[in-house]
1. For Asp206, which sequence-distant residues (separation of 5 or more, or a different chain) have an amide H within less than 5 Å of its own amide H, given hydrogens modelled in the peptide plane?
2. So how much accessible area does Tyr488 have, in Å² to the nearest 10, using a 1.4 Å probe?
3. With no solvent and one point per C-alpha, what does the Debye sum give as log10 I(q)/I(0) for the range 225-354 at q = 0.13, 0.20 Å⁻¹?
4. What pairs from Lys66/Lys219; Lys79/Lys451; Lys337/Lys510; Lys320/Lys360; Lys109/Lys132 go past 30 Å between their alpha carbons?
5. Mind giving me the nanometre distance, one decimal, between the label points for Leu267 and Arg300, set 7 Å out from Cα along Cα→Cβ?
6. For the ranges 451-459, 214-222, 464-472, what's the packing order if you count other beta-carbon atoms within 10 Å of each residue, average per peptide, and put the highest first?
7. Using only Cα atoms, figure out Rg for the range 252-329 and give it as a multiple of 2.2 N^0.38 Å.
8. Which order do peptides 335-341, 96-102, 180-186, 389-395 fall in by mean Cβ count within 10 Å, highest first?
Amino acid sequence: MAGESTPDALLDLMVAERQLSETDARFLRDGLPDGPDTTSEAGILRWLASEYSVGFDTLERIDPDKELLSRFPARILLKEELLPLRRENGQVQVATARLFATQGLDALKSLTGLRLFPVLATRETIQREMKKHLGVGADTLGTLGEEASFQVVDDDIDDTNLDNAAEDASIIRFVNQVLRDAIQLRASDIHLEPFETELRIRYRIDGVLQEVPVPAQIKRFQPAIVSRVKILSHLNIAEKRLPQDGRIKIRLDEAEVDIRVSVIPMLHGEAVVMRLLRQNSTLLGMGQLGMSVRELKSFRRVLGLPHGIVLVTGPTGSGKTSTLYTALNEINDADTKIITIEDPIEYQLKGINQIQVSEKAGLTFARGLRAILRHDPDVLLIGEIRDQETAQIAVQASLTGHLVFSTLHTNDAPGALTRLVDMGVEPYLVASSLEAVLAQRLVRVLCSQCKQVDDSPAANALKAELRFPAGQSVYRAVGCRECRQTGYHGRRAIFEWMDTNHEIRRLILKNSSSGEIREAARRAGMRPLVEDGWRLVTEGVTTPEEVLRVTKESAEDGPTTGVAEIMAAGGSGES
């Protein structure tokens, strides 16, 4: 709607979206003044409000009365796009974008017996606030609760009835709505968590869990909702005592999303976690990874090596696979044979041979790797080194002339070396095959719409402790509508690059601790994760609190040792 530039075009669009009738639009064309204030939906609604002596509200700082909201059927509110706001002078103010479409207000009046008075607001803001205060899927669950044929499902009802309930159109729409909502909000995971009196739904957005408002009656339909997810992921709905894993593949607006489903029995029912993997995500170039000059130069150097192992380490969801695929894309050409074995395949790249692990079919990482080596590859990508067998085959592949990339779960780069030895790989094999390790984390990026310079005592003490340049600004997260009041939108990676030089190889052969290896790497120029995080703080990309949240300080990290104490003493600085 914001893209339209004339009042007539806006009126046509408002008619098409049922915000005005044809008669009302013809009337407005005669009376609507020309000017910049009438070239947007908000402008037209403000003019209508002044002409007809009704209010106009941006709904920025509203907090609707929950008791009041409970008196109105959610189904009608959502269908007619009406949001009760507050009581005032014996009347209930109701936000609407359609002043002349009174059938919705009339229906609410007859149902509740209350005196209702319209307040104009844009359709987008009404829909946003409805989702926030009524909850995801309020319309579908409201309809379901009113249907006499539906029986509330509990543990005493047999599985046939439960299957039927899960196939109810309202349950299907509700689950679809949760999936769509999570994808649109850029969530990486959906958590359905059963408790004694509620079913909580949370999305992990930018690495942090955020609770989703849901209708109060959702707990009644918990078994049917879980069963619907099981049906979609081809799991056994009759099995409620054992964990189950499955997958769902969906298409939304030309984008394919692969969903990994895990169901685990809990005290008050089955909990579900769904991991969302976007299949056609756009890969960035090496220059867009956000590495500093030293790390980028080192990474590009190892891409040209004829053989060896390069590991990327970090926790689940830290962007390891994205970094590796960006690197593969850099060397993907007609002269290089690249084969990957993954679980799951997160990106599909033209010109690269990709294998999907299938434990049920017997295609494990180790078995797939043995077969891959007979296909004469130049470069291998192993999705994850999980066990001794996979690690040993990867080492042998690197020693026989292949460049091997893989991921490993360790806290930092030096820890990867001792982890391989702990897996059972001989130290001399690790020393001779491992070329470099890249550790990474994802930090949230400050919202560009609301971030503010932080002049608090804690921020000034931090700048002094870290010896930031004079006049260097540090920013704090505030929160606004654009970032869902979190203060952050999106994520960037911070890196820790460690080359395996002669000194480090000698330490590996001596079975030295990761602490000793870290000291040697620091002497060779390795910059710890936390220091790379301070680089993003000086660039105004993120906050000190965010860097401290995702990194672990250690005594070897130099001047950063007292930063956590400084920030804790001075408060977070976030509002």
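The values are calculated or read from the model by the stated rules, or taken from the named source; none is laboratory data. Predicted model only: the values in this text are computed from it and were never measured. When we count neighbours, we look across all protein chains shown, and the Cβ atoms used for this are built from the backbone with ideal geometry, even at glycine. We work out accessible area using only protein heavy atoms, side chains counted, and drop any ligands, DNA or RNA first. Shrake-Rupley method; radii C 1.70, N 1.55, O 1.52, S 1.80 Å.
1. HN-HN under 5 Å from Asp206: Ser188.
2. Estimated to the nearest 10 Å², Tyr488 gives 10 Å².
3. Taken in order of the listed q values, log10 I(q)/I(0) reads -0.71, -1.18.
4. Working: Lys66/Lys219 18 Å; Lys79/Lys451 36 Å; Lys337/Lys510 36 Å; Lys320/Lys360 26 Å; Lys109/Lys132 24 Å.
Result: Lys79/Lys451; Lys337/Lys510 exceed 30 Å.
5. Roughly 5.6 nm, to one decimal.
6. For the peptides 451-459, 214-222, 464-472, the packing ranking is 214-222, 451-459, 464-472.
7. Working: Rg = 17.6 Å, N = 78, 2.2 N^0.38 = 11.5 Å.
Here the Cα radius of gyration is 1.53 times the empirical estimate.
8. On the way: 335-341: 18.4, 96-102: 20.0, 180-186: 16.0, 389-395: 21.9.
Ranked from most to least packed, the peptides come out as 389-395, 96-102, 335-341, 180-186.
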